[in-house]
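Chemist: Here it is, the structure in full.
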Amino acid sequence: MRADLHVHSNASDGTDPPAEVMRRAARAGLDVVALTDHDTVAGHAQARQALPGSLILVPGMELSCRLDGPSRGQPGRGVPRGPSPRGQQSLHLLAYLFDPDDPELAAETRRIRDDRVLRARAMVDRLVGLGVPITWDDVAAIAGAAVVGRPHIARAMAASGAIASPAQAFTPDWIADGGRAYVGRYALDPVRAIALVRSAGGVAVLAHPRADRALLVDDTQIADLAAAGLAGVEVFHPDQPESEQASLLGLTRDLGLVATGGSDDHGSLTGHRIGSHTAAAGAYESLISQATGAKPVHGG
Ligand SMILES: [Zn+2]
Ligand SMILES: [Zn+2]
């Protein structure tokens with residue numbers, strides 16, 4: 001059995017529609033494919049409809065997490081969090097076979113998707129807290145139909161007289177990366193994300209923990225996530241060197257976790273090719289045996 005448990009469609013940042021991803025999965029000789037778009041299940045319905053008879057679809061999602069938890073403080077509570085000493089340690093969590101209608105999980109993924117607006121609003125709140133006389137309406141009016149971002153906030157700041165020109169907003173005093181009013185992208189605390197996935201009947205797998213040199217998830221951190229209910233680790237991934245795959249495989253054995261694999265195919269966006277990396281049949285079976293929120297979909 002060949003199971004690629006990590007592919008993207010144009011429901012997130014892949015280039016192919018879900019139906020085409022399913023056809024490519026079948027052409028690549030896969031038996032099982034998991035559609036794991038970033039923070040959305042929007043591609044599942046089309047993938048289901050287009051599923052070739054030879055293929056099993058595992059409905060999934062790749063959740064955006066941050067190891068230090070959301071960087072955004074609650075308005076009026078606590079001190080704005082600066083950049084952590086390790087930087088923003090992004091982490092991706094693959095979720096499989098959860099109930100797609102689970103209200104809490106759906107609300108969190110919607111929040112991640114809506115983040116650009118939330119993030120801009122949070123920066124405005126921080127600026128107001130720092131005495132800058134702007135409002136959200138000022139910023140929204142400047143942005144118009146565009147997706148709101150820091151340049152619009154900078155223009156509102158200049159229009160208010162708080163700074164002489166928009167460029168002056170991009171300093172540590174204001175909204176430069178790590179600045180006093182800077183707010184990072186919203187992401188879930190992974191321990192919370194694991195709990196959300198589990199309470200929606202799904203299973204959570206840590207995606208590519210050694211794929212990016214700058215964002216390594218170390219053994220202790222993985223052990224902590226295992227204690228929080230993580231089901232598995234994506235061991236076989238095109239961006240993880242073989243030496244790392246070997247050490248992760250040992251770690252999953254020590255921790256009693258499932259060792260999974262996937263290509264992280266994004267269509268023509270990256271060089272990753274569907275079916276290039278796969279999970280063993282036993283890994284696939286172990287995951288589905290732990291899930292209660294949804295069942296794999298058989299084609300044909
Ligand atoms: Zn990822
Ligand atoms: Zn991915």
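Chemist: Hey, got the dipole for the range 198-300? About the Cα centre, +1 on K and R Cβ, -1 on D and E Cβ, debye to the nearest 20?
Modeler: So the dipole magnitude of the range 198-300 works out to roughly 340 debye.
Chemist: Here's another thing I want to ask about it. Can you list the HN-Hα couplings for the range 171-181, worked out from phi with the Karplus curve (6.51, -1.76, 1.60; θ = phi - 60°), rounded to whole Hz and with x for Gly and Pro?
Modeler: 10, x, 5, 10, 10, 5, 3, x, x, 4, 10
Chemist: Next question. With the crude spin-label approximation of a point 7 Å out along Cα→Cβ, what separation in nm comes out for Ile288 versus Asp13?
Modeler: 3.0 nm
Chemist: Provide the gained length on full extension for the span Ser54 to Arg23, in nm with one decimal, where the gain is 0.36 nm per separating residue minus the Cα-Cα distance.
Modeler: Extending this stretch completely gives an extra 10.1 nm.
Chemist: Here is a follow-up. Sort 45-51, 121-127, 12-18 by the packing proxy (mean of other Cβ within 10 Å over each peptide's residues), most packed first.
Modeler: Ranked from most to least packed, the peptides come out as 121-127, 12-18, 45-51.
Chemist: Oh, and also: What's the center-to-center distance, using Cα atoms, between the range 1-40 and the range 239-300 in Å?
Modeler: 13 Å
Chemist: For the range 172-300, with all protein chains present and a 1.4 Å probe, just round the carbon and sulfur fraction of the accessible area to a whole percent.
Modeler: Accessible surface attributable to carbon and sulfur in the range 172-300 totals 51 percent.
Chemist: Starting from the Cα gyration tensor of the range 169-220, take the square roots of the eigenvalues, sort them a ≥ b ≥ c, and report rounded, prolate or oblate (rounded when a/c is under 1.5, otherwise prolate if a/b is larger than b/c, else oblate).
Modeler: It comes out oblate by the Cα gyration axes.
Chemist: Pull out a ≥ b ≥ c, the square roots of the eigenvalues of the alpha-carbon gyration tensor of the range 121-168, then state rounded if a/c is under 1.5, prolate if not and a/b is larger than b/c, and oblate in the remaining case.
Modeler: Oblate.
Chemist: Put +1 on the Cβ of each Lys and Arg and -1 on the Cβ of each Asp and Glu in the chain; which of Ala167, Val217, Val32 then has its Cα farthest toward the positive end of the dipole?
Modeler: Ala167
Chemist: For Thr171, tell me the accessible area in Å² from a 1.4 Å probe, rounded to the nearest 10.
Modeler: Thr171 has an accessible surface of roughly 40 Å² with all protein chains in place.
Chemist: Right, next: For the chain, what does the helix formula give at 222 nm: sum of -39500 (n - 2.57) over DSSP H segments with n ≥ 4, over the residue count, nearest 500 deg cm²/dmol?
Modeler: -10500 deg cm²/dmol
Chemist: Would you mind calculating the gained length between Ser160 and Leu130 on full extension (0.36 nm times residue separation, minus the Cα-Cα distance), in nm to one decimal?
Modeler: This chain segment gains 9.4 nm when fully extended.
Chemist: Charges only on Cβ, +1 for Lys and Arg, -1 for Asp and Glu: so what's the dipole of the chain about the Cα centre, in debye to the nearest 20?
Modeler: 620 debye
Chemist: What share of the DSSP beta bridges in the chain is antiparallel, in percent to the nearest 5?
Modeler: If I count the DSSP bridges inside the chain, around 45 percent turn out antiparallel.
Chemist: Is the shape of the range 159-300 best called rounded, prolate or oblate, per the rule: a/c under 1.5 gives rounded, else a/b larger than b/c gives prolate, else oblate, with a ≥ b ≥ c the square roots of the Cα gyration tensor eigenvalues?
Modeler: Here the range 159-300 falls in the prolate category.
Chemist: Output wanted: per-residue J couplings in Hz (rounded whole) for the range 132-138, from phi through Karplus 6.51 cos²θ - 1.76 cosθ + 1.60, θ = phi - 60°, x for Gly and Pro.
Modeler: Values per residue, Gly and Pro as x: 7, x, 10, 10, 4, 4, 4 Hz.
Chemist: HN-Hα J couplings of the range 223-236 from phi, Karplus 6.51/-1.76/1.60, θ = phi - 60°, integer Hz, Gly and Pro as x?
Modeler: The phi angles translate into 4, 4, 5, 4, 5, 8, x, 4, 8, x, 10, 6, 8, 9 Hz.
The values are calculated or read from the model by the stated rules, or taken from the named source; none is laboratory data. Only a predicted model underlies this, so the values are computations on that prediction, with no experimental measurement involved. With ideal geometry, Cβ positions are generated from the backbone for all residues, glycine too; neighbour counts draw on all protein chains shown. To get the accessible areas, we keep the full protein, side chains included, count just its heavy atoms, and leave off ligands, DNA and RNA. Shrake-Rupley method; radii C 1.70, N 1.55, O 1.52, S 1.80 Å.
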